[in-house]
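> Here it is, the structure in full.
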Amino acid sequence: MSQTVRPRARAKISALGTYVPPRLLTNADLEKMVETNDQWIQERTGIRERHIVEKGVATSDLAVEAAKKALAKRGIAPTDLDAIMIATVTPDMLFPSTACLVQHKLGAKGAWGFDLSAACSAFVYALQTGTQFIETGAHKKVMVIGADVMSSIIDYTDRATCVIFGDGAGAVILEAAEDDSTGMIDFIHEVDGSGGCSLYMPGGGSLNPATHETVDKKMHFVHQDGGAVFKYAVRKMAELCEKILQRNGFKGSDLNMFIPHQANRRIISATAERLGLSEDKVIINIDRYGNTTAGTIPLAMHTAMEEGKLKKGDLVLLASVGAGFTAGATLLRWAY
Ligand code: UT7
């Protein structure tokens, strides 16, 4: 007879730290760079401004700043970490992994780690990966960081993409929860690889290594069929959210907070409407940060904390859709 195997303990998020570079790129700045306007950007995306790095600042730099804040919040040392996972689509370089660079810069001597590539869904994927190490009892403290320097792969002459993205990072620490009143409850992850051609960066990998030609053809920049991604995102985000709530015996009205990936305000609003959520239960900070890819969800968690909207035991739903296509939803009870 089969028996349900219970994890030793639920994993919980015990601390959060975020970082965005100080430099602002406003809609007014973009009006001077491409044929666009503040009204179009705000109406179609919800974005007012985004933060971007100065030259020479890389993903590992943002990740380290976020990590330091999370460690300080939890009051532990970098050497207390067992593993570091970096969710990113803009690693400092193809190898070594950004996780290795962050481990060294942080001085997290006892930690191993790796990068996880799933574009906008990478943070929720990494969060679950880290959760497994805690729930099997293999590790005591795992750091999961979502960090991207999207400005390093954006063509600032392409109005269809350059208005959307920003740079930023967020780090969480995962540990075992004391009991089932807080921590991770469930997750659903999906990939639909047929959507690969809708959002991608063709150059720089083994298929199209860097040459003068790949540079001339702008192959080292993000290419996006915005409409196709938009339609998939609206449908899939709502579908996964409804599914995860339903299979855990919850309704939208049971949620204390919905913390979605910030790709477009209209995608978030459509999902919230499907779930029957009032505005005060949805975190939207895309107006200030744009789409920071793997950084959006931890940055949105931070906004929720800042606004005093999260307390211990709250039922929280995270959701993301991104390049791949990748999609994920995570249900948890906030732990601090
Ligand atoms: O996180 C990763 C996943 N990514 C996403 O989830 C992104 C999903 N897609 C979107 O958010 C939206 O599709 C965009 C914001 C990218 C575009 O919005 P849209 O409402 O789908 O616009 P569109 O691409 O259909 O373009 C509408 C019009 C076009 O002009 P015409 O052909 O109607 O004359 C575009 O050329 O808007 C024009 N346009 C712009 N106008 C001013 C496109 N970009 C701009 C711009 N400023 N920046």
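The values are calculated or read from the model by the stated rules, or taken from the named source; none is laboratory data. Predicted model, so just to flag it, every value in this text is computed and none were measured. Positions of Cβ are generated from backbone atoms using ideal geometry, with glycine treated the same way; all protein chains shown enter the neighbour counts. The area values use the complete protein model at the heavy-atom level, side chains included, leaving out ligands, DNA and RNA. Shrake-Rupley method; radii C 1.70, N 1.55, O 1.52, S 1.80 Å.
> Report the residue count in the stretch 54-69 for those that are out of contact with any helix residue (DSSP H, G or I) (no Cβ under 6 Å at 6 or more places or on another chain) and either closer than 18 Å to ASP115 by Cβ or open to solvent by less than 80 Å² (accessible area, probe 1.4 Å) (or both).
Narrowing the stretch 54-69 to residues out of contact with any helix residue (DSSP H, G or I) (no Cβ under 6 Å at 6 or more places or on another chain): 54-58, 61-62, 65-66, 68-69.
Subsequent filtering for residues that are either closer than 18 Å to ASP115 by Cβ or open to solvent by less than 80 Å² (accessible area, probe 1.4 Å) (or both) retains 56-58, 61-62, 65-66.
So the count comes out to 7.
> With SER253, SER278 as the choices, which residue is in contact (Cβ under 8 Å) with a residue 12 or more places away in the chain and more than 12 Å from the chain's Cα centre (by Cα)? Steps first, please.
Details: SER278 fails: in contact (Cβ under 8 Å) with a residue 12 or more places away in the chain.
The match here is SER253.
> Let me ask something else about it. If I ask for residues that are aliphatic (A, V, I, L, M) and either in a strand (DSSP E or B) or over 21 Å from the mean Cα position of the chain (by Cα) (or both), which ones from the stretch 189-207 would you list?
VAL191, LEU199, LEU207
> Against the condition at pLDDT below 95, among the hydrophobic types (A, V, I, L, M, F, W, C) and more than 22 Å from THR88 (Cβ to Cβ), how does ALA9 come out, does it pass?
Working: at pLDDT below 95: yes; among the hydrophobic types (A, V, I, L, M, F, W, C): yes; more than 22 Å from THR88 (Cβ to Cβ): yes.
So ALA9 fits the description; yes.
> One residue is enough: does the stretch 82-94 have a residue meeting the conditions over 21 Å from the mean Cα position of the chain (by Cα) and either within 22 Å of PRO260 (Cα to Cα) or assigned to a loop (DSSP other than H, G, I, E, B) (or both)?
Our first condition is that a residue be over 21 Å from the mean Cα position of the chain (by Cα); within the stretch 82-94, this holds for 82.
Now narrow it down to the ones that are either within 22 Å of PRO260 (Cα to Cα) or assigned to a loop (DSSP other than H, G, I, E, B) (or both): 82.
Within the stretch 82-94 (the criterion being over 21 Å from the mean Cα position of the chain (by Cα) and either within 22 Å of PRO260 (Cα to Cα) or assigned to a loop (DSSP other than H, G, I, E, B) (or both)), the answer is yes, since at least one residue qualifies.
> Could you say which residue among GLY252, GLY322, GLY276 is in contact with a Gly (Cβ under 7 Å, 6 or more places away or on another chain) and either buried (at least 17 other Cβ atoms within 10 Å of the Cβ) or of a type in the set (A, V, I, L, M, F, W, C) (or both)?
On the way: GLY322 fails: in contact with a Gly (Cβ under 7 Å, 6 or more places away or on another chain); GLY276 fails: either buried (at least 17 other Cβ atoms within 10 Å of the Cβ) or of a type in the set (A, V, I, L, M, F, W, C) (or both).
Step by step, each of GLY252, GLY322, GLY276 is checked, and only GLY252 is in contact with a Gly (Cβ under 7 Å, 6 or more places away or on another chain) and either buried (at least 17 other Cβ atoms within 10 Å of the Cβ) or of a type in the set (A, V, I, L, M, F, W, C) (or both).
> If you don't mind, another one. So how many residues does the stretch 70-81 have that are open to solvent by 60 Å² or more (accessible area, probe 1.4 Å) and either assigned to a helix (DSSP H, G or I) or under 24 Å from GLY322 (Cα atoms) (or both)?
We begin by selecting, within the stretch 70-81, every residue open to solvent by 60 Å² or more (accessible area, probe 1.4 Å); these are 72-75, 79-80.
Right, trim to either assigned to a helix (DSSP H, G or I) or under 24 Å from GLY322 (Cα atoms) (or both) and you get 72-74, 79-80.
Counting residues in the stretch 70-81 that are open to solvent by 60 Å² or more (accessible area, probe 1.4 Å) and either assigned to a helix (DSSP H, G or I) or under 24 Å from GLY322 (Cα atoms) (or both) gives 5.
> Identify, by number, the condition in (1) hydroxyl-bearing (Ser, Thr, Tyr); (2) within 15 Å of the ligand (Cβ to nearest atom); (3) not assigned by TED's automatic domain parsing to the domain that holds ARG50 that TYR125 doesn't meet.
With (1) hydroxyl-bearing (Ser, Thr, Tyr); (2) within 15 Å of the ligand (Cβ to nearest atom); (3) not assigned by TED's automatic domain parsing to the domain that holds ARG50 applied to TYR125, the lone miss is (3).
> Which fully enclosed helices (runs of 4 or more DSSP H) of the stretch 213-306 have 1 or more residues being within 11 Å of the ligand (Cβ to nearest atom) and farther than 17 Å from LEU317 by Cβ? Full working, then the answer.
On the way: elements: 226-247, 265-275, 286-289, 296-306.
Per the criteria, 226-247, 265-275, 286-289.
> Just to be sure I understand, how many residues within the stretch 174-188 are surrounded by fewer than 18 Cβ atoms within 10 Å (Cβ to Cβ) and assigned to a loop (DSSP other than H, G, I, E, B)? Don't jump to the end; show me each part of the working.
Going residue by residue through the stretch 174-188, those that are surrounded by fewer than 18 Cβ atoms within 10 Å (Cβ to Cβ) are 178-181, 185-186.
After this cut, where a residue has to be assigned to a loop (DSSP other than H, G, I, E, B) as well, the list is 178-181.
Result for the stretch 174-188: 4.
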